[in-house]
Number of protein chains: 2
Amino acid sequence: MAPDALSITLAALADPTRRAILARLISGEASVTELAEPFEMSLPAVSKHLKVLERAGLIRRGREAQWRPCRLEAGPLKEVANWLEHYRRFWEQSFDRLGDYLGGLQAKERRDGCKDEH
Amino acid sequence: MAPDALSITLAALADPTRRAILARLISGEASVTELAEPFEMSLPAVSKHLKVLERAGLIRRGREAQWRPCRLEAGPLKEVANWLEHYRRFWEQSFDRLGDYLGGLQAKERRDGCKDEH
């Protein structure tokens, strides 16, 4: 079975170097050489990561033979965000539960404080 | 180098069966047998997927020896959502650009329409 687009995107993102490359592209397009610099990686190693990102549609490369700058393509990231929305209420609920718990603790402290005063 | 937590989460999510298991758990906790049903998969195959999800902290399993229900844990999904936030303006920008383009087309149509009338 061929992997679906969302699985290809998530697999491409499941690597800290590839996420660091995307983070670098937030500030604008860059050449392979520029992208390789901070990682102390060989150009072929960086090129391999770029191919994975390109196949996932997360970057696009210019057509100029010499310089071929890479730029960020956010479409697949939006698909991940859309998928995540189905789960938002779960982490917001846990946050609410934590809030309730902390609120309860504070109320108890206030009550205990009042007891001490009387 | 040991993979970082975000990479482990994203790799666990990069599989349609594992995402379908999480989607099933939105409606409440379920046993391995219940989770296996819709996929026509063997229990060991489902158990293997559950282990990947559990290692990523995306599910938690009950302690009852007989039934050990699985439940969704949304914490790691929130981490993915937080990471994605850095990129939101990129897909919102592309949407804005599309909006500008469509708006431009409509304005042109209105102008052309007026020309025809005169």
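The values are calculated or read from the model by the stated rules, or taken from the named source; none is laboratory data. Worth saying up front: this structure is predicted, and the values here are computed from it rather than measured. Positions of Cβ are backbone-derived with ideal geometry, glycine not excepted, and every protein chain shown enters the neighbour counts. Just the protein is used for accessible areas: all its heavy atoms, side chains included, with ligands, DNA and RNA removed. Shrake-Rupley method; radii C 1.70, N 1.55, O 1.52, S 1.80 Å.
Take every pair of alpha-carbon atoms less than 8 Å apart whose residues are at least six positions apart; their mean separation over the length of chain A yields a relative contact order of 24 percent. In this assembly of identical copies, the label point of B:ALA23 (Cα plus 7 Å along Cα-to-Cβ) is separated from its counterparts by 3.1 nm, sorted shortest first. What is the local net charge at A:LEU43, summed over the other residues whose Cβ is closer than 15 Å to its Cβ (Lys, Arg +1; Asp, Glu -1)? Every neighbour counted, the sum reads +1. A prolate overall shape is assigned to the protein assembly as shown, the ratio a/c of its alpha-carbon gyration tensor axes (a ≥ b ≥ c) being 1.5 or greater and a/b exceeding b/c.
Measuring with a 1.4 angstrom probe and ignoring ligands and nucleic acids, A:THR9 comes out at about 10 Å² accessible. Using the alpha-carbon positions of the range A:30-71, Rg (one decimal) and Dmax (whole number) come out as 9.8, 26 Å. Which parts of the range B:77-91, residue by residue, lose 30 Å² or more of accessible area when the rest of the protein chains are there, as against the chain isolated (1.4 Å probe)? Those residues are B:LEU77, B:LYS78, B:ALA81, B:TRP83, B:LEU84, B:TYR87, B:PHE90, B:TRP91. Between copies, the label points at A:SER42 (set 7 angstrom from Cα along Cα-to-Cβ) are spaced 4.0 nm, reported in nanometres from shortest to longest.
Using a simple spin-label model with pseudo-atoms 7 Å out from Cα toward Cβ, A:ARG55 and A:HIS86 lie 2.5 nm apart. Computed from backbone phi, the HN-Hα couplings of the range A:4-13 come to 6, 4, 5, 5, 4, 4, 5, 5, 5, 7 Hz, rounded to whole numbers (Karplus: 6.51 cos²θ - 1.76 cosθ + 1.60, θ = phi - 60°; Gly and Pro given as x). Computed from label points 7 Å out along Cα-Cβ, the spacing between B:ALA2 and A:THR33 is 3.9 nm.
Taking every alpha-carbon pair within chain A, the share separated by more than 19 Å comes to 61 percent.
Working from Cα positions, state the angle (0 to 90°, nearest 10) between the long axis of helix B:75-85 and the longest principal axis of chain B. Here the helix axis deviates by roughly 20 degrees. Can you grab the distance from the C-alpha centre of the range A:2-73 to the C-alpha centre of the range B:10-64, Å, no decimals? Between the Cα centres of the range A:2-73 and the range B:10-64 lies a distance of 31 Å. Working note: 222 nm ellipticity from helices only, DSSP H runs with n ≥ 4, each -39,500 (n - 2.57), summed and divided by the residues of chain B, gives -21000 deg cm²/dmol to the nearest 500. A point 7 Å from Cα along Cα→Cβ stands in for B:GLY75, and the other copies hold the same point at 3.7 nm, listed in rising order.
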